[in-house]
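**Q** Got a structure for you, questions after.
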Amino acid sequence: MVREIIKYPTTPSLEFGGNVRHFDETLFEVLQDLKDTIEANKLDGLAAFQIGSPLSVIVVKKDDGTFLELINPRMIKHEGSIEPTETTAYFPGLSAKTKRYEKIKLMYEDREGNTKYLDAEGDFAVLLQRKMDYVFGSNFRLRMSEAERNLFDQKLEFGTDAITDNGCPTEFKRDKILRFFRVLFISGILGVVGGFFVDGETLATLKSVENYIMATMLGLVVVYFFYAQYEGKQYKNCSSCQIGNIIGTSAIELAKLLVLFLLNYFLL
């Protein structure tokens, strides 16, 4: 049966990961639910915690499409160190760089209770280590450096993986929108001034151009307002990214647009 996947903020704890003592139908149902849920969500693997079971069980999908069942897994050997970028269904849509062992050796039991051993390395080893975190009441956040954990916490707070820096850049991409807006504003003012020196037919064309300029300026303000909020979420520690400044800047640009509109209305 396909089960709902447990997600943050439900917290793994030592209440989960209880050693399996009875290799019976209850265990077999959990194993099948894990497989069904993996298939339904196109995942590489799941720990029992991730479907709400307290058992110390992991199921992973191998490259050949078959499933590997690990009951009561324990890491008995490891070597090397790598820093992979990981994702997990527990934190959907978010990624982080962690610290993992490059090679591991596990001891586990199969569904008949027989003791087995498994050597893994690379991506497969990372997957197993991530699932074992859940077995022991943890998650991959504890495998991050302090700097990476702080960055990940910001991603978690804002619900986006787009955050890449804690600092404040000297120039934002949204500033290009403002520069274009101001070029159009100056062009509009020059158009108003030029209206005093042209004949009737040219003036009609000029008014049409001015209308296009003002419509474009309005569109730019709208784009700026929403894009600036998106960009601001990437730089939480920068005061200029706060929503008040974005609203204030948008209001100023709208005031300029209003001035241009009034000049066109009364003077052209």
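**Q** Among the candidates K155, K105, which residue alone is in contact (Cβ under 8 Å) with a residue 12 or more places away in the chain and within 22 Å of the chain's Cα centre (by Cα)?
**A** Selected residue: K155, the only one of K155, K105 that is in contact (Cβ under 8 Å) with a residue 12 or more places away in the chain and within 22 Å of the chain's Cα centre (by Cα).
**Q** Can you tell me which residues in segment 197-209 are without any contact (Cβ under 8 Å) to a residue 24 or more places away in the chain and either among the polar types (S, T, N, Q) or part of a helix (DSSP H, G or I) (or both)?
**A** Within segment 197-209, F197, G200, E201, T202, A204, T205, S208, V209 meet the criteria.
**Q** Only one of (1) touching a helix residue (DSSP H, G or I) at 6+ places or on another chain (Cβ under 7 Å); (2) β-branched (V, I, T); (3) not assigned by TED's automatic domain parsing to the domain that holds F124 fails for T11. Which number is that?
**A** The number of the failed condition is (1).
**Q** Only one residue in K131, K116 is in the same structural domain as S56 (by TED's automatic domain parsing) and surrounded by fewer than 17 Cβ atoms within 10 Å (Cβ to Cβ), so which one is that?
**A** Testing whether each residue is in the same structural domain as S56 (by TED's automatic domain parsing) and surrounded by fewer than 17 Cβ atoms within 10 Å (Cβ to Cβ) leaves just K116.
**Q** When you check I58 against the structure, is it among the aliphatic types (A, V, I, L, M), under 23 Å from the mean Cα position of the chain (by Cα) and either over 23 Å from G113 (Cα atoms) or not in a helix (DSSP H, G or I) (or both), yes or no?
**A** In short, no.
**Q** For segment 38-48, state whether one or more residues are farther than 25 Å from M144 by Cα, assigned to a loop (DSSP other than H, G, I, E, B) and not acidic (D, E).
**A** Within segment 38-48, one or more residues are farther than 25 Å from M144 by Cα, assigned to a loop (DSSP other than H, G, I, E, B) and not acidic (D, E).
**Q** Then there is this: When the residues of segment 144-172 are narrowed to those that are in a loop (DSSP other than H, G, I, E, B), small (G, A, S) and at pLDDT 85 or above, which ends up nearest to Q229 (Cα to Cα)?
**A** If we take residues in segment 144-172 being in a loop (DSSP other than H, G, I, E, B), small (G, A, S) and at pLDDT 85 or above, then G159 is nearest to Q229 (Cα to Cα).
The values are calculated or read from the model by the stated rules, or taken from the named source; none is laboratory data. Just so it is clear, the model here is predicted, and its values are computed rather than measured. Backbone-built Cβ (ideal geometry, glycine too); neighbour counts: all protein chains shown.
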